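Before any comments, here is the structure.
The values are calculated or read from the model by the stated rules, or taken from the named source; none is laboratory data. Treat the numbers as computed from the prediction; the structure is a model and nothing was measured. Here the Cβ positions follow ideal geometry from the backbone for every residue, glycine too, while neighbour counts run over all protein chains shown. We work out accessible area using only protein heavy atoms, side chains counted, and drop any ligands, DNA or RNA first. Shrake-Rupley method; radii C 1.70, N 1.55, O 1.52, S 1.80 Å.
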Amino acid sequence: MTPPRPMARELSPEQLAGGLSRGPLAPIYLIAGAEPLRVLECADAIRAAAREQGYAEREVFEVEGRDIDWDGLEASLRAPSLFAARRLIEVRLPTSKPGKQGAEVITGYCAQPPADTCLLVTGGEWSRKHGGKWSEAIAAAGAIAVAWPVKPHELEGWLEARLRKRGVRADRDAVRLLVERVEGNLLAAAQE
């Protein structure tokens, strides 16, 4: 599958996570893609940055059955925080499709995001068919990170970078052996 034309402010999950220490959180983030490890680690980095910046309250909205309680999410986005000055609200969309009502809620939030709230939207897939006015609104108000699959010829470099980040030096043969053993599965590679 060919990646879609990049949207404004589209980053890799690693770029987005690396830039979080440079300033305050954006009002909204969308992290989606076929690589669950990269999506999860980027979302974890946003959660950690939120805690460091005083976002003490967190709410999570997940798909129940076939949809999310969009009315509940909208009410939560409009309501002031009950226990903390700042809130992180997460929306988990396994298919990365919010539907009509969800798109309206997200677009409305992006038009006037409250100063005390950060909205984190995560998804398990991403392609041209997932985009639309709602994702364009996110790009304008915040940031989008897409976790494209790591290509086979990029896996060796990806593994070497992860090892270096953790202070581990491995020779070329060891990295190649690891690439063979994990067979492109990034979750398995991270566990190894």
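Given their separation in residues at 0.36 nm each and the Cα-Cα distance between them, Arg164 and Glu125 gain 11.2 nm when the chain is fully extended.
With R₀ fixed at 41 Å, the C-beta to C-beta distance from Asp69 to Gln15 puts the FRET efficiency at about 0.80. Taking 0.36 nm per residue of separation and subtracting the Cα-Cα distance, full extension of the segment from Glu154 to Ala174 would add 5.6 nm. About the centre of its Cα atoms, the chain shows a dipole size close to 460 debye [charges on the beta carbon of Lys, Arg (+1) and Asp, Glu (-1) only; nearest 20 debye].
The DSSP beta bridges internal to the stretch 52-120 are antiparallel in roughly 10% of cases. Taking amide hydrogens as placed 1.01 Å from N in the peptide plane, the amide H of Leu25 sits under 5 Å from that of no residue at least 5 positions away in sequence or on another chain. Computed from backbone phi, the HN-Hα couplings of the stretch 150-165 come to 6, 6, x, 6, 9, 4, 4, x, 4, 5, 4, 5, 5, 5, 4, 4 Hz, rounded to whole numbers (Karplus: 6.51 cos²θ - 1.76 cosθ + 1.60, θ = phi - 60°; Gly and Pro given as x). Derived scalar couplings between HN and Hα for the stretch 121-130 equal 10, 10, x, x, 9, 6, 6, 4, 5, 8 Hz in order, rounded to whole Hz, by the Karplus curve 6.51 cos²θ - 1.76 cosθ + 1.60 (θ = phi - 60°), x for Gly and Pro.
Solvent exposure of the stretch 80-123, expressed per residue, is 46 Å² of accessible area, with all protein chains present and a 1.4 angstrom probe. Between Glu183 and Arg78, the distance separating the two model label sites (each 7 Å from Cα on the Cα→Cβ line) works out to 5.1 nm. Note: relative contact order over the chain, using C-alpha pairs below 8 Å and six or more positions apart, is 33 percent. Extension gain for Lys97 to Asp44 (0.36 nm times residue separation, less C-alpha to C-alpha distance): 16.9 nm.
Among the protein heavy atoms of the stretch 104-192, carbon and sulfur supply 49% of the accessible surface, probe 1.4 Å, non-protein parts ignored. Think of it as helices only: each DSSP H run of n ≥ 4 in the chain is worth -39500 (n - 2.57), and spread over all residues that comes to -13500 deg cm²/dmol at 222 nm. Scanning residues 5 or more positions from Thr117 or on other chains, those with amide H under 5 Å from its amide H are Arg87, with H placed 1.01 Å from N in the peptide plane. In this simple spin-label model, placing a label point 7 Å from the Cα along the Cα-to-Cβ direction at both Ala190 and Arg51 gives a separation of 1.6 nm.
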